[in-house]
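A.B. asks: Take this structure first; my questions come after.
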Amino acid sequence: MIRMKYTHFQCKIAEVIQESDVTRSFLLDTSKNLEVSPGQFVMVWVPGKSEKNIPLSYAAPFEQRVGFTIKKKAPAPSICEICNSCGVCEEIFDMKIGDTIRIRGPYGNGFTIQGKNLLMFGHETRAAPLVFLAEKAREMSRKVTFIVAAPTENRLPFIQRLKDSDIEVLSLTEKELVKDPMSTEEMVDEFIEKKSVVDAAYLSAPERISKPLLDVLGKHNIPTQVMVERHIHCGVGICGECVIDPTGWRACVEGPVFSDVSLRDSEFGKYRRHSLKKSEIQKGQK
Ligand code: FES
């Protein structure tokens with residue numbers, strides 16, 4: 001059991017799904033009964049390249065399958081501002097059914113479903129763990145409204161998958177926001193004003209977007225859970241590269257999902273550590 005948790009095991013790619021023009025999901029046959037929850041991640045190892053944490057976007061335990069969603073590569077500074085040169089996603093992106101991938105995990109603390117009327121906001125590939133969560137919430141008969149955001153329309157993922165689960169979907173492109181003087185947080189603010197009830201909200205987006213959204217949701221007293229991205233090295237709480245000031249909580253163990261309360265007065269939205277454990281101002285996120 002311990003061995004399974006900390007060492008890689010080989011999985012075969014069972015299905016590849018094109019989620020948008022630039023995003024693909026890879027469903028893996030694990031040959032194991034993995035217990036996973038939305039918000040948890042696996043460490044994916046590509047020999048000769050590197051190892052990278054990727055949140056899970058699918059799970060079918062009876063079929064012994066899990067899946068994740070990636071983007072090949074975005075224009076600089078990259079889709080993955082935490083680790084923009086590891087080459088793992090680029091290598092996996094063109095893999096086919098039957099190819100093998102090595103993973104370890106799952107790790108981390110995932111989302112908790114609270115209340116009956118849920119609002120989710122996911123930005124492009126980062127929407128993946130929330131789509132997994134939204135499907136779980138629907139299985140529990142919760143009402144879900146899902147805002148999917150992306151830079152352009154051809155990069156909006158998961159729209160049909162969400163509709164198939166009877167989820168109310170609103171899409172938002174940054175191109176539209178350029179035309180419309182309203183900011184994302186103003187649009188969400190207006191949406192909440194119009195909605196009679198939102199019991200809980202869930203965010204997975206770059207911090208330049210999720211921090212102002214968190215503030216708007218706080219103004220409406222809506223309990224919110226946020227997927228926080230930090231540089232993940234060991235993934236199991238030992239190296240300390242993913243710690244968050246001032247609590248020292250580790251994104252890989254206590255997170256990557258944190259509540260609004262635990263992020264209050266933290267570094268979230270201000271700065272983060274890169275792989276050399278130095279703090280840096282967050283900028284240039286895609
Ligand atoms: S990545 Fe090593 S402690 Fe979190």
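A.B. asks: Taking θ as phi - 60°, what are the ³J(HN,Hα) couplings along the stretch 10-16 by the Karplus curve (6.51, -1.76, 1.60), each to the nearest whole Hz, with x for Gly and Pro?
C.D. replies: So the J values, rounded to whole Hz, are 8, 10, 9, 6, 9, 7, 10.
A.B. asks: Would you tell me the accessible area of Leu203, worked out with a 1.4 angstrom probe on the heavy atoms of the protein chains, in Å² to the nearest 10?
C.D. replies: Its heavy atoms expose roughly 0 Å² to the probe.
A.B. asks: Next question. Grab the DSSP H runs of the chain that are 4 residues or longer, score each as -39,500 (n - 2.57), total them, divide by all residues and round the 222 nm result to the nearest 500 deg cm²/dmol.
C.D. replies: -6000 deg cm²/dmol
A.B. asks: While we're on this one: Where in the chain are the DSSP H helices whose alpha-carbon span along the long axis reaches 24 Å or more and whose Kyte-Doolittle mean is at least 1.0?
C.D. replies: Answer set is empty.
A.B. asks: Right, next: Name the residue, out of Val22, Val131, Val261, whose mean-square fluctuation peaks in a Gaussian network model built on the chain with Cα pairs under 10 Å.
C.D. replies: In this elastic network of the chain, the residue with the biggest mean-square fluctuation among Val22, Val131, Val261 is Val261.
A.B. asks: Another one. Which of these, Ile103, Ile244, Ile192, has the largest mean-square fluctuation under a Gaussian network model of the chain (Cα springs below 10 Å)?
C.D. replies: Ile192
A.B. asks: Moving on. How large is the accessible surface of Cys86 in square angstrom, using a 1.4 angstrom probe and rounding to the nearest 10?
C.D. replies: 20
A.B. asks: Given a 1.4 Å probe and the protein chains all in place, what does the accessible area of Trp249 round to, in Å² to the nearest 10?
C.D. replies: 90
A.B. asks: Still on this structure, I have one more. Suppose R0 equals 41 Å; then what is the FRET efficiency for Phe191 and His274 from their Cβ-Cβ distance, rounded to the nearest 0.05?
C.D. replies: 0.75
A.B. asks: May I pose another question? On alpha carbon coordinates alone, what is the Rg over Rh value for the chain, Rh being the Kirkwood radius?
C.D. replies: Rounded to two decimals, Rg/Rh equals 0.94.
A.B. asks: With all protein chains present and a 1.4 Å probe, how do His123, His231 order by accessible area, largest first?
C.D. replies: So the residues, ranked largest to smallest area, are His231, His123.
A.B. asks: Another question, then. Within the set Lys136/Lys211; Lys116/Lys163; Lys5/Lys52; Lys194/Lys219; Lys72/Lys96, which residue pairs have Cα atoms separated by over 20 Å?
C.D. replies: Violating the 20 Å limit, Cα to Cα: Lys136/Lys211.
The values are calculated or read from the model by the stated rules, or taken from the named source; none is laboratory data. Not measured: the values here are computed from a predicted model. Note that we place each Cβ from the backbone using ideal geometry, even for glycine, and neighbour counts take in every protein chain shown. Heavy atoms of the whole protein, side chains included, go into the accessibility calculation; ligands, DNA and RNA do not. Shrake-Rupley method; radii C 1.70, N 1.55, O 1.52, S 1.80 Å.
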